[in-house]
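As structure tokens, the structure follows; a few thoughts come after it.
The values are calculated or read from the model by the stated rules, or taken from the named source; none is laboratory data. Just so it is clear, the structure is predicted and the values come from calculations on it, not from any experiment. Note: ideal-geometry Cβ built from the backbone for every residue, glycine included; neighbour counts use all protein chains shown.
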Amino acid sequence: MKKRLTEYIEGKQEVFEQIAAQIWDFAETDYQEVQSAKLLEDFLEKQGFQVEAGIGGIPTAFRASAGSGKPVIAFLGEYDALPGLSQEADQTSECPCHIHGAGHGCGHNLLAAGSLEAACAVKHALEPAGLSGTVVYMGCPAEEGGAGKAFLIRSGCFEGVDIALTWHPTPDNGIWNQALANVKLTYSFSGKSAHAAACPQEGRSALDACELMNVGVNYLREHVSPAARMHYAYINAGGTAANVVPSYAKLLYILRSDRIEELEEMLKRVGDIAKGAALMTGTTVEEEILYAYRELLDVPEMDVLLTDCMKEFLPISYTEAELEYARSFQAVELGTEAAKNAKEGLIGMETGITGRVQMSSASTDVGDVSWVVPTGNICIASVAAGTVMHKWTATAQGKSSAAYKGMHTAARILAEAARRLIEDGELRGRIAAGFARELGKREYYSLIPEEREPDLL
Ligand SMILES: [Zn+2]
């Protein structure tokens with residue numbers, strides 16, 4: 001199998017680069033990834049995969065499978081862009097392709113095409129080997145705030161999958177085995193409007209309630225774990241007239257923790273603060289959970305496998321032109337002076353593997369998958385060291401030759417991990433046992449209420 005994996009990835013690089021570039025051009029956001037999903041589905045179908053489109057009732061979700069029998073190995077693909085991050089490729093100053101347009105500021109165009117490359121390579125190598133095994137490409141929409149995978153799990157789309165493998169483009173290499181659980185929700189306050197000068201005593205201000213709630217939450221910060229995060233935004237401040245007591249105002253909150261147990265406690269405490277703010281102001285409050293993500297469940301046996309596969313393909317070698325390209329973005333992110341002094345590890349690769357990545361402040365819906373299927377998740381450098389993801393600088397680098405090198409490297413590592421898993425039943429047994437041990441008596445659940453449906457088109 002190994003030889004055919006290598007041959008496939010060596011020979012088809014341009015095809016997958018084109019797919020990554022097209023998805024970058026489409027730049028479709030949460031649940032609107034119609035063209036991106038279609039492109040991937042059509043390609044998989046042509047490669048001989050059986051494609052089931054619109055799984056879980058989500059039009060831009062799909063499952064493509066090839067081969068037969070156990071193990072069932074699923075590569076996860078994400079292809080959603082971020083609103084407001086449109087940016088011309090390769091430009092080191094901010095210049096959107098479309099004003100207020102979306103852009104691939106999290107590299108999901110590379111993620112989608114890299115996982116696709118791995119899935120196709122494994123299919124290509126598996127068939128003549130005469131081994132039992134099913135390779136799946138799981139088309140997962142709306143990672144950026146839409147919790148697509150949590151809804152797919154709810155619909156049973158991951159049933160029968162034995163192992164999930166995925167990656168994420170980043171400025172560095174490593175195993176991504178830590179991510180925060182989070183919950184995104186709104187607090188809507190209702191009060192009573194009044195003329196703020198003529199009869200203020202008649203008014204009950206929903207805006208006051210929001211402000212008091214935020215003060216309360218800011219005092220709560222001292223009493224949560226260091227990993228916990230709480231952020232808020234006013235999505236309706238009650239209007240722009242200072243002489244009107246606002247009767248309605250709304251806050252958006254995101255709460256995060258590295259443990260679901262703490263997150264649930266925070267959710268209750270923040271809810272109590274909201275009720276307290278309503279009580280103080282004579283208003284009422286309604287809480288609505290929009291989305292929730294689970295923390296990643298780490299299986300050390302999986303990390304060992306992935307680290308071993310990473311050692312085989314890292315570090316990536318870069319041309320002087322690619323390093324120069326990386327330096328130009330590093331100068332934007334760090335400032336020219338700091339960039340000059342930065343060591344010659346510009347794309348974070350020369351040092352090879354950084355080991356366990358502590359991405360403790362990030363969240364991903366891969367976390368949800370990791371509680372139902374043993375999941376391997378790696379980060380491969382695809383942008384210059386120092387690049388801030390979810391920023392126009394990341395969008396700008398999404399079609400560069402260094403980005404594609406990262407993508408092909410990720411595909412090689414994931415395909416090699418799949419090969420070992422298909423060929424080695426003992427290895428699969430160790431990972432299954434590790435998963436059972438880490439899960440212990442806990443069970444997967446999502447904080448997304450049953451009645452909550454994804455925000456489709
Ligand atoms: Zn991302």
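Return yes or no: is Gly146 under 22 Å from the mean Cα position of the chain (by Cα) and modelled with pLDDT of 95 or more? Against the criterion (under 22 Å from the mean Cα position of the chain (by Cα) and modelled with pLDDT of 95 or more), Gly146 does not qualify. Evaluated against (1) surrounded by 24 or more Cβ atoms within 10 Å (Cβ to Cβ); (2) within 23 Å of the chain's Cα centre (by Cα), Leu126 falls short on exactly one condition, (2).
Conditions tested, residue by residue: (1) under 25 Å from Gly146 (Cβ atoms); (2) surrounded by 14 or more Cβ atoms within 10 Å (Cβ to Cβ).
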site	(1), (2)
Leu220	no, yes
Tyr232	yes, yes
Ser257	yes, yes
Glu261	yes, no
Ala274	yes, yes
Met280	no, no
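Scanning segment 48-67 for residues that are touching a residue at least 60 places away in the same chain (Cβ under 8 Å) and of a type in the set (D, E, K, R) yields a count of 1. In segment 188-197 there is no residue that is in a strand (DSSP E or B), among the hydroxyl-bearing types (Ser, Thr, Tyr), in contact with a Ser or Thr (Cβ under 9 Å, 6 or more places away or on another chain) and buried (at least 24 other Cβ atoms within 10 Å of the Cβ).
Restricting attention to segment 263-272, and to residues there that are charged (D, E, K, R) and free of Cβ contacts under 8 Å to residues at least 24 places away in the same chain, which single residue is surrounded by the most Cβ atoms within 10 Å (Cβ to Cβ)?
Per the stated criteria, the residue is Glu265.
For every residue, the table says whether it meets (1) crowded, with 16+ Cβ neighbours inside 10 Å; (2) under 20 Å from the mean Cα position of the chain (by Cα); (3) within 23 Å of Ala129 (Cβ to Cβ).
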site: Leu5; (1), (2), (3): yes, no, yes
site: Trp24; (1), (2), (3): yes, yes, no
site: Ala27; (1), (2), (3): yes, yes, no
site: Gln35; (1), (2), (3): yes, yes, no
site: Lys38; (1), (2), (3): no, no, no
site: Glu45; (1), (2), (3): no, no, yes
site: Ile58; (1), (2), (3): yes, yes, no
site: Ala64; (1), (2), (3): yes, no, yes
site: Tyr79; (1), (2), (3): yes, yes, no
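In segment 77-101, the residues that are farther than 17 Å from Ser36 by Cβ reach residues that are of a type in the set (Val, Ile, Thr) and within 16 Å of the ligand (Cβ to nearest atom) with C-beta atoms within less than 6 angstrom, at least six apart or across chains, in these pairs: Gln87/Thr395.
When segment 387-439 is filtered for residues that are part of a loop (DSSP other than H, G, I, E, B) and either within 23 Å of Val72 (Cα to Cα) or basic (Lys, Arg) (or both), the ones remaining, listed by number, are Lys391, Lys399, Asp424. Considering segment 133-162, and only residues there that are over 18 Å from Phe75 (Cβ atoms) and more than 16 Å from the ligand (Cβ to nearest atom), the residue that is surrounded by the most Cβ atoms within 10 Å (Cβ to Cβ) turns out to be Phe151. Go through segment 127-137 and give me each residue that's outside any loop (DSSP other than H, G, I, E, B) and polar (S, T, N, Q). Correct list: Thr134 only.
Of all the residues in segment 346-380, those that are within 13 Å of the ligand (Cβ to nearest atom), hydrophobic (A, V, I, L, M, F, W, C) and modelled with pLDDT of 95 or more number 1.
Select, from Leu185, Leu180, Leu165, Leu111, the only residue that is closer than 29 Å to Leu263 by Cβ and surrounded by fewer than 24 Cβ atoms within 10 Å (Cβ to Cβ).
Just a single option satisfies the conditions, and that option is Leu185.
Between a first residue in segment 126-150 that is touching a residue at least 40 places away in the same chain (Cβ under 8 Å) and more than 27 Å from Tyr444 (Cβ to Cβ) and a second residue that is surrounded by fewer than 24 Cβ atoms within 10 Å (Cβ to Cβ) and of a type in the set (Ser, Thr, Tyr), which pairs have beta carbons less than 6 Å apart while being 6 or more apart in sequence or on different chains? So the pair list comes out empty.
So which residues in segment 163-207 are aromatic (Phe, Trp, Tyr), more than 14 Å from the chain's Cα centre (by Cα) and within 16 Å of the ligand (Cβ to nearest atom)?
Step one: of segment 163-207, the residues aromatic (Phe, Trp, Tyr) are 167, 176, 187, 189.
Filter once more, keeping what is more than 14 Å from the chain's Cα centre (by Cα): 187, 189.
Answer for segment 163-207, where residues must be aromatic (Phe, Trp, Tyr), more than 14 Å from the chain's Cα centre (by Cα) and within 16 Å of the ligand (Cβ to nearest atom): there is none.
In a residue-by-residue description of segment 299-307, the property of being at positive phi and in contact with a Pro (Cβ under 9 Å, 6 or more places away or on another chain) applies to no position.
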